[in-house]
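K.L.:
Got a structure here, written out as structure tokens. Questions coming.
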Amino acid sequence: MMQYGVENFCKKCAEIGIDGLIIPDLPVDVYNDHFKTIFEKYGLINVFLITPQTSDERIQFIDKISEGFIYMVSSASVTGSQNAFGKSQDDYFKRIADLNLKSPQIIGFGISNAETFKQATKYAKGAIIGSAFVKYLEENGIASINKFVSGIID
């Protein structure tokens, strides 16, 4: 993105129909000070990530400048499935919900089954299932997507 040029990149995104980006290595302050107006010019939303270690002050700043959702990383671990979230994650989810942010929060990392989906959506507007979904598709094929989704939300 930087080599291509931020404005050229944003313009190309808009041309091909991209409306939102997750750029984990782009600090929120740098985005706000240097790139926000370019993103807005091309109708792009930058989705910011927060973790359990992100301070309330920083989360409120992210919320203030966000135009889309806030991606809540469930823990400081890598992405992948787990069977349930522990008390520390539940406390984190509740802490963020209690901030009453304007931006919806979507929880990702570790969402893999009905239990983790239910735990995540108790406090957030949604959940992102990545690795578990890809693994399911590899094992069961695209024709079984409805079965996967039904198993999560039923």
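K.L.:
Filter segment 104-121 down to residues that are modelled with pLDDT under 95 and part of a loop (DSSP other than H, G, I, E, B) and give me whichever is surrounded by the fewest Cβ atoms within 10 Å (Cβ to Cβ).
P.N.:
Within segment 104-121, the match that is surrounded by the fewest Cβ atoms within 10 Å (Cβ to Cβ) is Asn113.
K.L.:
Same structure again: So which of Phe85, Phe39, Phe61 is touching an Asp or Glu at 6+ places or on another chain (Cβ under 9 Å), of a type in the set (Phe, Trp, Tyr) and not in a helix (DSSP H, G or I)?
P.N.:
So the residue among Phe85, Phe39, Phe61 that is touching an Asp or Glu at 6+ places or on another chain (Cβ under 9 Å), of a type in the set (Phe, Trp, Tyr) and not in a helix (DSSP H, G or I) is Phe85.
K.L.:
Please specify each residue of segment 64-74 satisfying the condition of being surrounded by fewer than 17 Cβ atoms within 10 Å (Cβ to Cβ) and in a loop (DSSP other than H, G, I, E, B).
P.N.:
Of everything in segment 64-74, just one residue is surrounded by fewer than 17 Cβ atoms within 10 Å (Cβ to Cβ) and in a loop (DSSP other than H, G, I, E, B), namely Glu67.
K.L.:
For the subset of segment 92-103 comprising residues that are in a loop (DSSP other than H, G, I, E, B) and in contact with a helix residue (DSSP H, G or I) (Cβ under 8 Å, 6 or more places away or on another chain), which member is surrounded by the fewest Cβ atoms within 10 Å (Cβ to Cβ)?
P.N.:
First, the residues of segment 92-103 that are in a loop (DSSP other than H, G, I, E, B): 98-103.
Filter once more, keeping what is in contact with a helix residue (DSSP H, G or I) (Cβ under 8 Å, 6 or more places away or on another chain): 99, 101-103.
Working: Leu99: 11, Leu101: 18, Lys102: 9, Ser103: 18.
By that ranking, first place goes to Lys102.
K.L.:
Tell me which residues, restricted to segment 96-116, are within 17 Å of the chain's Cα centre (by Cα) and either farther than 22 Å from Thr54 by Cα or free of Cβ contacts under 8 Å to residues at least 12 places away in the same chain (or both).
P.N.:
Ser112
K.L.:
Tell me which residues, restricted to segment 13-55, are touching a Cys at 6+ places or on another chain (Cβ under 6 Å) and aliphatic (A, V, I, L, M).
P.N.:
Listed by number, the residues that qualify are Ile38, Leu44.
The values are calculated or read from the model by the stated rules, or taken from the named source; none is laboratory data. Remember, predicted model here, so these are calculated numbers, not experimental data. Cβ atoms come from the backbone with ideal geometry, glycine included; neighbour counts cover every protein chain shown.
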